[in-house]
2 protein chains.
Amino acid sequence: MKATGIVVEYNPLHNGHVYHAQQARNATNADVIIAVMSGNFLQRGEPSFVDKWTRTKMALASGVDIVFELPYRFATSNAPLFAQGAVELLDAVGCESFCFGSEDGNIEPFQNSLRLIDRHTVQYESAVKNAVAEGISYPMALNKAYKIIQAGHPEIPVADLSMPNNILGFHYMAAVQSIGSSMEAVTIKRMGAGYHDDTLDSQKIASATGIRKSFFSTETLDEVSDFIPQATRRLLIEWDAERKAFGNWDTFYPYLRYIILRDGPSRLRSIADVSEGIENLIFRAAQSHDSFQSFMDAVKSKRYTWTRIQRMLTHILTGFTKEMRSKMEKPSYLRLLGMTNEGRSYLSGRKKNLGLPLISKVASFSDPALKMDISASDIYALALGKGSDHSKIGLDYVTSPIMENHFSSKSFK
Amino acid sequence: MKATGIVVEYNPLHNGHVYHAQQARNATNADVIIAVMSGNFLQRGEPSFVDKWTRTKMALASGVDIVFELPYRFATSNAPLFAQGAVELLDAVGCESFCFGSEDGNIEPFQNSLRLIDRHTVQYESAVKNAVAEGISYPMALNKAYKIIQAGHPEIPVADLSMPNNILGFHYMAAVQSIGSSMEAVTIKRMGAGYHDDTLDSQKIASATGIRKSFFSTETLDEVSDFIPQATRRLLIEWDAERKAFGNWDTFYPYLRYIILRDGPSRLRSIADVSEGIENLIFRAAQSHDSFQSFMDAVKSKRYTWTRIQRMLTHILTGFTKEMRSKMEKPSYLRLLGMTNEGRSYLSGRKKNLGLPLISKVASFSDPALKMDISASDIYALALGKGSDHSKIGLDYVTSPIMENHFSSKSFK
């Protein structure tokens with residue numbers, strides 16, 4: 001059986017994601033689509049809208065056959081490390097190719113970009129260093145250095161690495177190259193926010209950010225129903241009925257503020273991504289700001305992107321220290337969140353050929369990165385619980401991988 | 001002017017406390033009564049019912065002239081250190097005597113007990129050691145050792161050190177002796193729980209514990225109104241109207257549980273009072289228990305008293321580590337919470353003769369123990385705030401010492 005990998009967050013899963021999974025399958029002629037998905041905290045440094053099991057159900061109902069959890073350590077990292085973690089998992093599970101959505105939509109410019117930077121490593125790295133020294137953010141510095149290299153070769157068509165999905169795609173490909181994987185890279189043009197295409201089974205596409213925004217401002221799914229599959233809609237309604245709260249920083253702010261006040265600058269300094277000096281700013285902002293928005297307004301600066309700051313805050317919330325991170329250089333397990341019948345057949349066939357241990361039950365495996373995933377999951381559940389309703393702690397120990405097959409979920413629609 | 005010191009928690013202040021302040025004044029012929037009062041976390045290892053400023057107002061309306069805050073480091077310590085901190089403050093502010101309530105009610109038996117233990121230090125300490133090795137709690141071990149010494153001298157009348165107020169009284173006197181203070185010790189018989197004395201201005205006396213229990217079970221002050229002064233009643237009603245929550249562990253448990261899950265056993269081990277091994281028990285109990293009561297049922301053991309465990313939990317909640325504590329051996333300031341006109345006259349007269357710096361504004365003084373008091377205050381306010389109402393952070397910086405005089409508060413009654 002032929003497997004193609006994708007890297008997802010599904011926050012929440014919408015029509016654009018269904019399209020991506022379909023296109024990935026078609027473009028690579030795959031038997032199964034394997035998704036590596038972030039857990040309850042995401043790459044932009046924020047809690048997920050609904051938890052990882054609910055998002056796994058969305059995935060299995062929408063064209064994905066197997067969902068693995070991208071460990072917290074990689075899921076909440078910058079683009080290069082996020083990409084490295086995801087690619088190592090897809091490679092370990094035996095994907096022949098992987099497919100990412102990009103603004104560009106063609107693979108050649110990415111290959112050209114990779115080669116170009118490879119050939120000018122020294123020049124590139126010193127340009128990055130100079131740009132960082134000017135006080136701009138790291139992603140902007142990367143892009144500036146890239147443009148300097150690019151200017152020397154105007155004849156080569158390269159990817160525009162100022163676009164967020166192009167950046168991730170570039171780093172997936174760089175990771176494939178750096179680990180020496182034989183996976184083939186495929187890209188499809190991303191159907192993004194505001195892009196409506198009536199040829200896609202008359203379905204409309206909006207970004208996940210837009211969907212969350214609409215939901216938080218209207219408190220109903222009415223305005224977004226056309227943009228999400230039936231299964232997503234049903235799962236969000238079920239979640240709402242049970243939890244009465246969705247994940248965002250507003251909801252988590254009381255806990256974040258508590259831990260900042262409790263730990264103070266000296267202990268905040270030990271937390272991953274907290275760079276020298278900003279711990280004082282964070283502490284002072286927590287002392288005087290009641291809402292997450294006003295807190296962020298006080299913390300943000302030219303030096304750090306909003307995302308970078310949110311990642312620090314995620315690590316503060318979960319207690320993820322620099323020391324802990326230093327012990328998690330590479331992914332060390334394949335944590336199975338769910339699969340369809342097809343996914344199960346694929347895994348049965350490859351059981352003996354997996355590059356990393358397969359984990360269906362967390363209790364049977366001891367690993368610091370897995371412990372962190374479980375802890376992050378508990379903190380998510382606790383902070384999202386209202387009052388004394390904390391019945392969702394320890395779900396990682398009691399939740400079996402979700403089994404669902406395309407047929408039943410399609411018949412549900 | 002002649003000052004007499006008392007050590008209080010006022011959680012909340014009731015008729016028995018008014019009686020104590022009156023008797024202290026009469027017995028010592030004092031011009032002013034100076035109270036050293038715990039902040040928002042108390043000696044039994046629990047958050048106070050209402051905050052320190054509200055309790056200061058209760059004090060100033062009920063016969064106390066000056067209230068100093070007993071620093072967190074001492075307020076949440078075992079009896080010997082609690083006593084040491086309190087006595088050093090009273091001595092530093094120039095009290096000629098101090099008066100404690102006790103079950104015994106006579107000072108001679110306490111003096112005898114002190115002398116007895118002094119004369120048999122080696123025997124006493126080895127008996128404590130043996131008793132602890134048997135696996136009983138430390139306070140029980142102290143009492144057992146004391147009884148062994150006592151048995152050798154049946155002719156000497158000594159204090160019964162199995163009674164909670166006698167124990168504290170004994171430690172106040174031991175502290176006075178150990179710091180070489182000239183303060184005279186006075187004790188009055190404590191009017192405790194269930195003890196009704198109609199000769200006391202027809203006022204009834206119930207314990208603070210009983211008052212809180214009645215309040216938490218009935219959610220009104222109806223049943224306790226006869227047992228508290230008018231000022232206490234008014235202040236509790238005002239607090240309720242503004243905060244809609246009173247301090248107890250049930251209210252604080254979501255935050256406690258969060259920090260236990262976040263920090264895990266390895267980091268819990270660095271917290272003050274967390275003794276080897278119990279961090280694992282605490283972590284597992286937090287994973288599986290939804291309420292503070294069931295959590296405590298899972299953690300408690302023969303080895304540790306309930307109070308000892310609650311103190312660990314207080315330090316976990318506030319992030320007070322063994323290392324932080326090791327830098328706070330002695331009180332280093334007199335933090336003024338409030339005073340009457342008489343109290344102000346007294347302090348004006350002694351300004352130049354205080355044994356420790358007097359702090360009216362926390363911003364003007366930098367000290368790790370004071371920083372801890374402020375942090376504990378903020379955590380108390382934050383955890384007690386409902387939802388996003390955290391407007392009470394930083395009160396230490398903006399609240400001036402409370403000024404009230406006996407006349408105005410009496411006229412209010």
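The values are calculated or read from the model by the stated rules, or taken from the named source; none is laboratory data. On a predicted model such as this, the values are computed, not experimentally measured, just so you know. Methodologically, a virtual Cβ is constructed for each residue, glycine included, from the backbone with ideal geometry; neighbour enumeration extends over all protein chains shown.
For the stretch B:211-253, the candidate set comprises residues that are within 14 Å of chain A (Cβ to nearest Cβ) and free of Cβ contacts under 8 Å to residues at least 60 places away in the same chain; within that set, the residue that is nearest to A:K371 (Cα to Cα) is B:Y253. Taking the conditions exactly as written (under 17 Å from B:T340 (Cα atoms), in the same structural domain as B:L334 (by TED's automatic domain parsing), touching a helix residue (DSSP H, G or I) at 6+ places or on another chain (Cβ under 6 Å) and of a type outside the set (K, R)), does B:V32 satisfy them or not? It is true that B:V32 is under 17 Å from B:T340 (Cα atoms), in the same structural domain as B:L334 (by TED's automatic domain parsing), touching a helix residue (DSSP H, G or I) at 6+ places or on another chain (Cβ under 6 Å) and of a type outside the set (K, R). Scanning the stretch A:341-372 for residues that are touching a Phe, Trp or Tyr at 6+ places or on another chain (Cβ under 8 Å), within 14 Å of another protein chain (Cβ to nearest Cβ) and surrounded by fewer than 19 Cβ atoms within 10 Å (Cβ to Cβ) yields a single hit, A:A363. The residue list B:A21, B:A35 contains one member that is modelled with pLDDT of 95 or more, closer than 16 Å to B:S207 by Cα and either charged (D, E, K, R) or not in a loop (DSSP other than H, G, I, E, B) (or both), which is B:A21. For the stretch B:62-87, filtering for residues that are more than 14 Å from the chain's Cα centre (by Cα) and either over 18 Å from B:A30 (Cβ atoms) or among the β-branched types (V, I, T) (or both) leaves 2. Taken over the stretch B:324-341, the residue count meeting the criterion of being touching a Ser or Thr at 6+ places or on another chain (Cβ under 7 Å) and either modelled with pLDDT under 95 or within 24 Å of A:R262 (Cα to Cα) (or both) is 2. Could you check the stretch B:115-179 for helices (runs of 4 or more DSSP H) lying wholly inside it with 3 or more residues that are surrounded by 17 or more Cβ atoms within 10 Å (Cβ to Cβ) and on the phi > 0 side of the Ramachandran plot? Of the helices (runs of 4 or more DSSP H) lying wholly inside the stretch B:115-179, none has at least 3 residues that are surrounded by 17 or more Cβ atoms within 10 Å (Cβ to Cβ) and on the phi > 0 side of the Ramachandran plot. For the stretch A:300-319, the candidate set comprises residues that are out of contact with any Lys or Arg (no Cβ under 8 Å at 6 or more places or on another chain) and within 16 Å of A:L382 (Cβ to Cβ); within that set, the residue that is farthest from the other protein chains (Cβ to nearest Cβ) is A:T314. For the stretch A:7-55, the set of residues classified as over 30 Å from A:L382 (Cα atoms), touching a Cys at 6+ places or on another chain (Cβ under 7 Å) and surrounded by 22 or more Cβ atoms within 10 Å (Cβ to Cβ) consists of A:A24 only. Exactly one residue out of A:G338, A:G385 is small (G, A, S) and within 12 Å of another protein chain (Cβ to nearest Cβ): that is A:G385.
Out of the residues in the stretch A:56-84 that are among the small types (G, A, S) and surrounded by fewer than 24 Cβ atoms within 10 Å (Cβ to Cβ), state the one that is nearest to A:K361 (Cα to Cα). Here the answer is A:S77.
Quickly run through the stretch B:255-300 and pick out the residues that are among the polar types (S, T, N, Q) and either surrounded by 20 or more Cβ atoms within 10 Å (Cβ to Cβ) or in contact with a Leu (Cβ under 8 Å, 6 or more places away or on another chain) (or both).
B:Q287
On inspection, A:I260 qualifies as touching a helix residue (DSSP H, G or I) at 6+ places or on another chain (Cβ under 9 Å) and modelled with pLDDT of 95 or more.
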